[in-house]
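The values are calculated or read from the model by the stated rules, or taken from the named source; none is laboratory data. Given the structure is predicted, the values throughout are model-derived calculations rather than measurements. Cβ: placed from backbone, ideal geometry, glycine included. Neighbour counts: every protein chain shown. All accessible areas refer to the heavy atoms of the entire protein, side chains included, with ligands and DNA or RNA removed. Shrake-Rupley method; radii C 1.70, N 1.55, O 1.52, S 1.80 Å.
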There are 2 protein chains.
Amino acid sequence: MSTSRVTLSTDEIPTAWFNVLPVLPTPLDPPLHPATRQPVGPDDLAPLFPMGLIAQEVSTDPWIDIPGAVLDLLTLWRPTPLVRAERLERALGTPARIYYKDESGSPAGSHKPNTAVAQAFYNRAEGIERLTTETGAGQWGTALSFACTQFGMDCTVYMVRASYEQKPYRTVLMETWGSEVIPSPVDEPGHPGSLGLAITDAVRDAAGRADTHYALGSVLNHVLLHQTIIGLEAREQLARAGERGPDVVLGCCGGGSNLGGIALPFVPDEAVRLVAAEPSSCPTLTTGRFEYDFGDSAGLTPLLPMYTLGHEFVPPPIHAGGLRYHGDAPIISNLVKAGRMEAVAYPQTATFEAAVQFANTEGKLPAPEAGHVIRAVIDEALAAKEADEERVLLFNFCGHGLLDLSAYDDYHRGRLIDA
Amino acid sequence: MSTSRVTLSTDEIPTAWFNVLPVLPTPLDPPLHPATRQPVGPDDLAPLFPMGLIAQEVSTDPWIDIPGAVLDLLTLWRPTPLVRAERLERALGTPARIYYKDESGSPAGSHKPNTAVAQAFYNRAEGIERLTTETGAGQWGTALSFACTQFGMDCTVYMVRASYEQKPYRTVLMETWGSEVIPSPVDEPGHPGSLGLAITDAVRDAAGRADTHYALGSVLNHVLLHQTIIGLEAREQLARAGERGPDVVLGCCGGGSNLGGIALPFVPDEAVRLVAAEPSSCPTLTTGRFEYDFGDSAGLTPLLPMYTLGHEFVPPPIHAGGLRYHGDAPIISNLVKAGRMEAVAYPQTATFEAAVQFANTEGKLPAPEAGHVIRAVIDEALAAKEADEERVLLFNFCGHGLLDLSAYDDYHRGRLIDA
């Protein structure tokens, strides 16, 4: 017997992204201009984004071809393996069959390079020489640094100051790939920062220079589009394993990109339950309001229709920095509002318990973000046990925790705080 | 075009290890008892090792079957990908074709679990409930911790004190997998320690308890045997890629396990050059003497026929902790002495230059140990350019550097010392 781990060859990588916009339960409301509150047009976005990405943001084509240069880079680590978590199943004594898509094998250690590579490509193709962005825990900044190096572009990362000071090693990795890393907020040296504030810094920088654009690691439609390669591969791999389609597809959710990546290709399959796992300290989908709100703290970005805790909300400093965002992707918000997707929230101690159980059964150490989806998966598997039902669970192992070991140290020593 | 990255499915994993002992250029001299200086027999080793491993240590069978339970665990991450480093080739402008075996995707992030899993299995099969070991930079202790968890065994890791204090995150990873980690030497609290001293601590502990054995992460014949799965997979993958056999096979060399793993299956192919890359601050193969010496500092272990700098040699604290060992595997030493394998030595700054070039072309961040083989590969590729010859280079990317970012920080800030 060998582990059920399904690999695809590099020439079996999907060659088009899946666009969920045409099949959403209700049409997506447009982003609004922050000053006029009128729908934004391509020209409004052009100072920050290339036309290639702006077109994807509103496209209603069901499939969008992946450029060859993007595929070429993605195949450095894609297709990623689909693994059946048999050891976790045995530990839980569940009749559920648990599969995870392992996105931790990318150079940056998470799913984030899937869109970083695409965004760098489209910007470079339109002559842009430099990108700015924000990063919280550092996964996104790391991914964009990697992508910019590959396309010969400069990259400046505004990093939430609390993370910048707590995680110097993340900075070293970004610097190794040639990026400049600046703690944010830039004009308030004592402030711990937030993702919303760092977005403000990055957008301000990009808006002021013609050679520079801004790149966002989540929330926007084109970002989720680029991540759908995860779910497309997973569906093919389940079929290769002789498995039926999943009963439940799960992902952790901050802005929504890794969840969207694995879940969106299954939106048309109405029998498939879709589940978002978020932190109870930043419970956007479970307790937020659905309304137009800004993407950043200062109100520079367009207003987006989404679940939000308010753009001035600063979440407690939980270790899953990638889930500390006041809003959610409009696409994810649309699905939740329509009842097509469920959401659950967990305190961080419960997510670390799940992460450690995963590490001790399946081997790999999860990122704190991934601990949230693993908590949800374990609970679903235990519910299947209670119901004595063979359910097929599919989740996204969105990143490893090798740069988050201080968080595990806090967990082992009882220093975690459940906000 | 997509990246040339050759994957094998889990059911294509090699099912037997390649035993180089029958095909060595000259017969291997036996280990000698530390007190009597007579060849050691199985009974001399039984307090420390299970009979399953002792038998492998002296077996002359050309192939040794891999137990099913070991294969089952190895397929959590094996077969590992073989990647053509086309971006590095282009950056160098070389006609050489460079392939690397990516061993960084294991749960522990290196090749070490290949033997850790096997050693835990054979010990558990003979009723042993606890293993002790030493670790330098932490790769081996991490791997054995992972393996012991999987087999329900306890594990105590004696970690070189300098690393224990510099790398708390390594300790957290081992503790997450349930291990106890103790700084070494245990009886000299102010001493920075060395691998030789930590071996002494681990052997003493194991010799004193009937439920406990000792596990070594390199040097011994059975350890190199377990690593041959790397070279066996690589040979098959080169064939799948339509590539001819390699002209040169390279690995970094501390004790010799990752180098042995990729190189030993090619020993019978006399046209294939084999190259060991070691640190110039611990130049065992390039300047050491070939003689019988102890494996540890205190002289508790059997005497082994090997290149050595003397068992009391304490190498400078370079970042590639896995290469800081006074001796070398008897198998590797045998090959070098017979002229079947070459050795080169590099100062650490040159290896970090190579590692950063790799990170900026191929994406993945190398462990400092891997920086040594990448330095050698780049030099071979430039030699091929000079000679205008299409040479096929194969090397082992033995681990990632995500837990060694402080070393890269030192490199970026000009703080590296070339001893």
Item to check | Selection within segment A:269-284 - out of contact with any Pro (no Cβ under 7 Å at 6 or more places or on another chain) and either open to solvent by less than 10 Å² (accessible area, probe 1.4 Å) or under 16 Å from A:Leu238 (Cβ atoms) (or both) | outcome: A:Asp269, A:Ala271, A:Arg273, A:Leu274, A:Val275, A:Ala276, A:Ala277, A:Glu278, A:Pro279, A:Thr284
Checklist entry - Looking only at segment A:207-231, which residues are of a type in the set (A, V, I, L, M), in a helix (DSSP H, G or I) and crowded, with 23+ Cβ neighbours inside 10 Å? => result A:Val223, A:Leu224, A:Leu225, A:Ile229, A:Ile230
Checklist entry - What are the residues in segment A:78-91 that are of a type in the set (Asp, Glu) and either more than 12 Å from every other protein chain (Cβ to nearest Cβ) or open to solvent by less than 10 Å² (accessible area, probe 1.4 Å) (or both), if any? => result A:Glu89
Item to check | Residues (under 20 Å from B:Lys364 (Cβ atoms) and in contact with a Pro (Cβ under 6 Å, 6 or more places away or on another chain)) located in segment B:377-419 | outcome: B:Leu394, B:Gly401, B:Asp404, B:Ala407
Next on the checklist: Checking A:Thr200 against (1) polar (S, T, N, Q); (2) over 16 Å from A:Gly255 (Cβ atoms); (3) open to solvent by less than 10 Å² (accessible area, probe 1.4 Å), only one condition comes out false. Which one?
Outcome noted: (2)
Item to check | Single residue of segment A:328-347 satisfying the filter (part of a loop (DSSP other than H, G, I, E, B) and out of contact with any helix residue (DSSP H, G or I) (no Cβ under 9 Å at 6 or more places or on another chain)) that is farthest from A:Val267 (Cα to Cα) | outcome: A:Pro347
Next on the checklist: I need the full set of residues from segment A:386-404 which are open to solvent by 10 Å² or more (accessible area, probe 1.4 Å) and over 23 Å from A:Ser163 (Cα atoms), in order please.
Outcome noted: A:Glu386, A:Ala387, A:Asp388, A:Glu389, A:Glu390, A:Arg391
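Conditions tested, residue by residue: (1) under 22 Å from A:Gln227 (Cβ atoms); (2) buried (at least 20 other Cβ atoms within 10 Å of the Cβ).
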{"residue": "A:Leu21", "(1), (2)": "yes, yes"}
{"residue": "A:Asp29", "(1), (2)": "yes, no"}
{"residue": "A:Ala35", "(1), (2)": "no, no"}
{"residue": "A:Pro39", "(1), (2)": "no, no"}
{"residue": "A:Pro42", "(1), (2)": "no, no"}
{"residue": "A:Pro67", "(1), (2)": "yes, no"}
{"residue": "A:Leu71", "(1), (2)": "yes, yes"}
{"residue": "A:Leu76", "(1), (2)": "yes, yes"}
Next on the checklist: Considering only residues that are buried (at least 23 other Cβ atoms within 10 Å of the Cβ) and either free of Cβ contacts under 8 Å to residues at least 12 places away in the same chain or of a type in the set (Gly, Ala, Ser) (or both), which ones fall in segment B:232-268?
Outcome noted: B:Ala234, B:Gly251, B:Gly254, B:Gly255, B:Gly256, B:Ser257, B:Gly260, B:Gly261, B:Ala263
Next on the checklist: Among the residues that make up segment A:337-354, is at least one of them more than 15 Å from A:Ala96 (Cβ to Cβ), within 14 Å of another protein chain (Cβ to nearest Cβ), among the basic types (Lys, Arg) and surrounded by fewer than 24 Cβ atoms within 10 Å (Cβ to Cβ)?
Outcome noted: no
Item to check | Out of A:Ala376, A:Ala370, A:Ala383, A:Ala407, sole residue that is hydrophobic (A, V, I, L, M, F, W, C) and open to solvent by 10 Å² or more (accessible area, probe 1.4 Å) | outcome: A:Ala383
Checklist entry - For segment B:355-400, what are the residues that are more than 14 Å from every other protein chain (Cβ to nearest Cβ) and in a loop (DSSP other than H, G, I, E, B)? => result B:Asp388, B:Glu389, B:Glu390, B:Arg391, B:Cys398
Checklist outcome for this item: Subset of segment A:95-132, residues in contact with a Pro (Cβ under 9 Å, 6 or more places away or on another chain) and of a type in the set (S, T, N, Q), comes to A:Ser104, A:Ser106, A:Gln119, A:Asn123
Item to check | Count - residues of segment A:9-27 that are touching a strand residue (DSSP E or B) at 6+ places or on another chain (Cβ under 9 Å) and at the interface with chain B (Cβ under 8 Å from one of its Cβ atoms) | outcome: 2
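Residue-by-condition table, conditions (1) farther than 20 Å from B:Val249 by Cα; (2) in the same structural domain as B:Gly261 (by TED's automatic domain parsing); (3) of a type in the set (A, V, I, L, M):
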{"residue": "B:Pro315", "(1), (2), (3)": "yes, yes, no"}
{"residue": "B:His326", "(1), (2), (3)": "yes, yes, no"}
{"residue": "B:Ala338", "(1), (2), (3)": "no, yes, yes"}
{"residue": "B:Phe352", "(1), (2), (3)": "yes, yes, no"}
{"residue": "B:Ala355", "(1), (2), (3)": "no, yes, yes"}
{"residue": "B:His372", "(1), (2), (3)": "no, yes, no"}
{"residue": "B:Ala376", "(1), (2), (3)": "no, yes, yes"}
{"residue": "B:Ala384", "(1), (2), (3)": "no, yes, yes"}
{"residue": "B:Phe397", "(1), (2), (3)": "no, yes, no"}
Item to check | Candidate set from segment B:159-197 (those that are of a type in the set (Lys, Arg) and under 20 Å from the mean Cα position of the chain (by Cα)); member that is nearest to B:Glu134 (Cα to Cα) | outcome: B:Arg170
Checklist outcome for this item: Wholly inside segment B:92-184, strands (runs of 3 or more DSSP E) that include 2 or more residues that are open to solvent by less than 10 Å² (accessible area, probe 1.4 Å) are B:97-102, B:130-135, B:154-160
Item to check | Matching entry among B:Ala298, B:Ala276 (being touching a Cys at 6+ places or on another chain (Cβ under 9 Å) and either at pLDDT below 95 or within 25 Å of B:Ala116 (Cα to Cα) (or both)) | outcome: B:Ala276
Checklist entry - Taking into account only those residues within segment A:54-77 that are among the hydrophobic types (A, V, I, L, M, F, W, C) and within 12 Å of another protein chain (Cβ to nearest Cβ), which is farthest from A:Asn123 (Cα to Cα)? => result A:Trp77
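Every residue, every condition in (1) out of contact with any Phe, Trp or Tyr (no Cβ under 6 Å at 6 or more places or on another chain); (2) in the same structural domain as A:Thr301 (by TED's automatic domain parsing); (3) at pLDDT below 95; (4) among the small types (Gly, Ala, Ser), yes or no:
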site: A:Ser184; (1), (2), (3), (4): no, no, no, yes
site: A:Pro192; (1), (2), (3), (4): yes, no, yes, no
site: A:Ala198; (1), (2), (3), (4): no, no, yes, yes
site: A:Leu216; (1), (2), (3), (4): yes, no, no, no
site: A:Leu238; (1), (2), (3), (4): yes, yes, no, no
site: A:Cys252; (1), (2), (3), (4): yes, yes, no, no
Next on the checklist: Going by what's in this entry, would A:Ala234 be described as touching a His at 6+ places or on another chain (Cβ under 9 Å), at pLDDT 95 or above and of a type in the set (A, V, I, L, M)?
Outcome noted: no
Checklist entry - Only one residue in A:Pro107, A:Pro31, A:Pro81 is touching a Leu at 6+ places or on another chain (Cβ under 8 Å) and either closer than 29 Å to A:Leu173 by Cα or of a type in the set (A, V, I, L, M) (or both). Which one? => result A:Pro107
Next on the checklist: away from chain B (no Cβ under 14 Å) and in a loop (DSSP other than H, G, I, E, B): which single residue out of A:Tyr307, A:Tyr325 fits that description?
Outcome noted: A:Tyr325
